[in-house]
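Peer 1: Encoded as structure tokens, here's the structure I'll be asking about.
No value in this document is a laboratory result; all are computed from the given coordinates. Quick caveat, the model's predicted, so the values are computed rather than measured. Reconstructed Cβ throughout: ideal geometry from the backbone, glycine too, with neighbour counts over all protein chains shown.
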Amino acid sequence: MLAGNPGEDPIWDILWYRLPVFGTEADRLVEEINALGGIEEIAGDCRAELWRMNQASDRNVSPEFVTKLKQVRLQIKRETMGEDLT
């Protein structure tokens, strides 16, 4: 992933520039997934969600996106830490 200017990539905006993108909960989940080494698993989803938000009249993050981030975080924890996190 290449670094750009603020506003060019939602992941860089959250991780490098510390800008709010999807809201507190989703941004925190992106940070956690990155810390677990799974940022590539959600990169496309993040860009798609930002595009969707920009097209929507309310510009709010979708609950489905937050759920997806939670599922990815849980899956990575299971795979990397061997945790039983049911």
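Peer 1: For SER62, SER57, what's the fewest-to-most ordering of other Cβ within 10 Å of each Cβ?
Peer 2: Final ranking by Cβ density, sparse to dense: SER57, SER62.
Peer 1: Let me ask something else. Can you compute the modelled spin-label distance between GLU41 and TYR17, with each label point 7 Å from Cα toward Cβ, in nm?
Peer 2: About 2.7 nm separates the two model spin labels.
Peer 1: So, one more: Using θ = phi - 60° and the Karplus curve 6.51 cos²θ - 1.76 cosθ + 1.60, what whole-Hz ³J(HN,Hα) does each residue of region 38-43 get, with Gly and Pro shown as x?
Peer 2: x, 4, 5, 5, 10, 4
Peer 1: From the Cα gyration tensor of the chain, with a ≥ b ≥ c the square roots of its eigenvalues, which class applies: rounded if a/c is under 1.5, or else prolate if a/b is larger than b/c, or else oblate?
Peer 2: oblate
Peer 1: Moving on to the next point. Kindly write out, for region 8-14 in residue order, the coupling ³J(HN,Hα) from the Karplus curve 6.51 cos²θ - 1.76 cosθ + 1.60 (θ = phi - 60°), rounded to whole Hz, with x marking Gly and Pro.
Peer 2: 8, 8, x, 5, 5, 4, 6
Peer 1: Turning to a different aspect of this structure: With springs only between Cα atoms under 10 Å, which of GLU49, GLU31, GLU40 fluctuates most in a Gaussian network model of the chain?
Peer 2: Sorting by GNM fluctuation, first place goes to GLU40.
Peer 1: Taking the Cα centre of the chain as origin, sum charge times position over the Cβ atoms of Lys and Arg (+1) and Asp and Glu (-1), and report the length of that vector in debye to the nearest 20.
Peer 2: 120
Peer 1: Here's something else I'd like to know. Between GLU64, GLU32, GLU41, where does the largest GNM mean-square fluctuation fall for the chain, given springs only between Cα atoms within less than 10 Å?
Peer 2: GLU64
Peer 1: Please find the FRET efficiency linking GLN55 to MET81, where r is the Cβ-Cβ separation and R0 is fixed at 41 Å, and quote it to the nearest 0.05.
Peer 2: Once rounded, the FRET efficiency stands at 0.65.
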